[in-house]
Each structure stands twice: as structure tokens, then as C-alpha cells.
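Report on the structure given below.
Computed from the coordinates by the stated procedures, all read-outs in this text should not be read as laboratory data. Nothing here was measured: the structure is a model prediction, and the numbers come from that model. Neighbour counts run over all protein chains shown; Cβ positions are idealised from the backbone, glycine included.
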Amino acid sequence: MAGATCHRIDLLAAAIVRAGSVSTKGLENTLTTRCTLTVARDSSKTRRRLIAAADGLLYGQGIRAVGVDAVAEAAGVTKRTLYYHFASKDDLIAAYLEERDLPTLGRYQGMIPEGGAPAARRIRRIFEQLGKNAKDPRWRGCSFLRAAAEFANLPGHPARVVAARHKRRFEAWLEEVLAADGFGEAAALARQLMILLDGAVAQILIHRDPSYALSAADAASTLLKRTNKSKKRRSAQPSTTMTGGS
């Protein structure tokens, strides 16, 4: 598409020069700039279209089950165009997951906005929303967990790298939420919550039973309640510092 556009621009330029309207050099510089911008703009749109097509297919059917031919067809481009934008299927997979990274975290952050309810109540909402999402027949679980599972034998695979980065980012956010509410050992708690959350996702996928999300929510609430109680007991204990000569 971009090549055809630039070809039409070249034909127009030739006609203008023959008519003597402008100098050849000036027109060449102007149209070269416009053509470059057109190519970049078209290329960006094509790349986004390919990632969107990959998102629907890879999430819906599985990464290994979908070939690049199917992605190219869904995007309305040739396989050659796909490989122009992505050196390999692995690169396309990584781009698909990277495109989901921050938006996924943003959705969860939107579920529990800062301020207002205590952290324990806000975090419970994450599990409750997971249960609601899992009732949708189109729900296929966590794209990052599934990608890591599909390439479990390839630790350095781009999908594993992106998935690990996303999970670390998510865990760090949970730690921030807990620390802001005064929980001690927020890092350890955040890790335990990640285990509950991803464990709930796995159980729902296995059993197709969203109630596992509520069971995980109860476990998370109990964990945070007990942690909070222990913290308060420690802070309420009288000082045992001794004074004077005994």
C-alpha cells in the first residue's frame, strides 16, 4: 500500500516538473519527505493490525496452535508483509504479549483505585472481578501464564521473558498497595497474593469453575487479616527495656 502511494506521488511529481511549475530539486525534497511519512504511517498501522489479529487468535486458540499464515490472513496482509514487520513468529508472540502488559495491569489498577477502602478490601475486589471475568465463555485465563506454560521447556523464549517481566511488575504493584496501607513485609505478602491469584486462574481453567476465585479471595482476606492483627499486637506490646542496676 505504501509503495503504491509513493509510486503515485512519483508520477505526480514527474507531471509537475514537466509543466515547469517548480524546480526538480525542490519538488524532490518535498515529496521525498511526504513519501517517507506516508510509508512510516502505513507501516505503523499494518504492525498494529497484525498485533491485533495475533491477539485474537493466540489468546483464543493458543500460541502453538496458530500459524503465521492465519495471523496474516486475519490481518488482511501477505505473509511476506508479516515478516517485514516481525523477523519471526517468536517476535510476533513477544509483541502480542508486550501489547497486553501495561493495559492488563492498568485494568486491575482501575478495579482498586487509590484511597478509600483498606487494602484488604481493595485486593479482594481483584479476586471477585476474576470470578466475574471467568464466567465469560471467551475467557481463556491469563495470557502470560498460558504463554509461559506453552514454552515451559524454553526458559529464554521471548514469551517467557515478557511473561516474567509482567508478573514482576504486577507483584511490585501489589507490594506498593500493601506498603501504602501500612502492612509490614509487604514484599512477602505480595508474593503470596500472586500465588493465590495465579493459582485461582489455573484452577478455574482446569475445572471451569469461577468459584475458585472466591475461595482465593477468602484465603487472601484471611492472610491479610492475620498479618494485620499480628502487626497490631507487636506494636501494642509494652517496652521491656530495663533501667537501673538490678
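Which condition number does G115 fail, the rest of (1) more than 28 Å from R48 (Cα to Cα); (2) in a helix (DSSP H, G or I) being met?
Failed condition: (2).
Looking at this structure, is R165 under 18 Å from D101 (Cα atoms), surrounded by fewer than 16 Cβ atoms within 10 Å (Cβ to Cβ) and either touching a strand residue (DSSP E or B) at 6+ places or on another chain (Cβ under 9 Å) or among the charged types (D, E, K, R) (or both)?
Numbers: under 18 Å from D101 (Cα atoms): yes; surrounded by fewer than 16 Cβ atoms within 10 Å (Cβ to Cβ): yes; either touching a strand residue (DSSP E or B) at 6+ places or on another chain (Cβ under 9 Å) or among the charged types (D, E, K, R) (or both): yes.
Against the criterion (under 18 Å from D101 (Cα atoms), surrounded by fewer than 16 Cβ atoms within 10 Å (Cβ to Cβ) and either touching a strand residue (DSSP E or B) at 6+ places or on another chain (Cβ under 9 Å) or among the charged types (D, E, K, R) (or both)), R165 qualifies.
Any residue in region 119-138 that's over 15 Å from Y212 (Cα atoms): show its pairings with residues that are outside any helix (DSSP H, G or I) and among the β-branched types (V, I, T) at Cβ separation under 8 Å, as long as the two are six or more apart or on different chains.
R122/I112; I123/I112
Kindly indicate whether any position in region 152-163 is under 12 Å from the mean Cα position of the chain (by Cα) and over 22 Å from I204 (Cβ atoms).
The initial filter retains those residues of region 152-163 that are under 12 Å from the mean Cα position of the chain (by Cα), namely 159, 162-163.
Within this subset, residues satisfying the condition of being over 22 Å from I204 (Cβ atoms) are 162.
Yes, some residue in region 152-163 is under 12 Å from the mean Cα position of the chain (by Cα) and over 22 Å from I204 (Cβ atoms).
Inside region 76-97, can you point out the residues that are assigned to a helix (DSSP H, G or I) and either touching a Cys at 6+ places or on another chain (Cβ under 6 Å) or surrounded by 15 or more Cβ atoms within 10 Å (Cβ to Cβ) (or both)? Spell out how you get there, then give the answer.
The initial filter retains those residues of region 76-97 that are assigned to a helix (DSSP H, G or I), namely 79-85, 89-97.
Correct list: T81, L82, Y83, H85, K89, D90, L92, I93, A94, A95, Y96, L97.
Kindly provide the set of residues from region 184-209 that are more than 22 Å from the chain's Cα centre (by Cα) and either under 21 Å from K135 (Cα atoms) or buried (at least 20 other Cβ atoms within 10 Å of the Cβ) (or both), ordered by number. Show your work before the answer.
If we filter region 184-209 for residues that are more than 22 Å from the chain's Cα centre (by Cα), which is where we start, we get 184-186, 188-189, 206-209.
Listed by number, the residues that qualify are L189, I206, H207, R208, D209.
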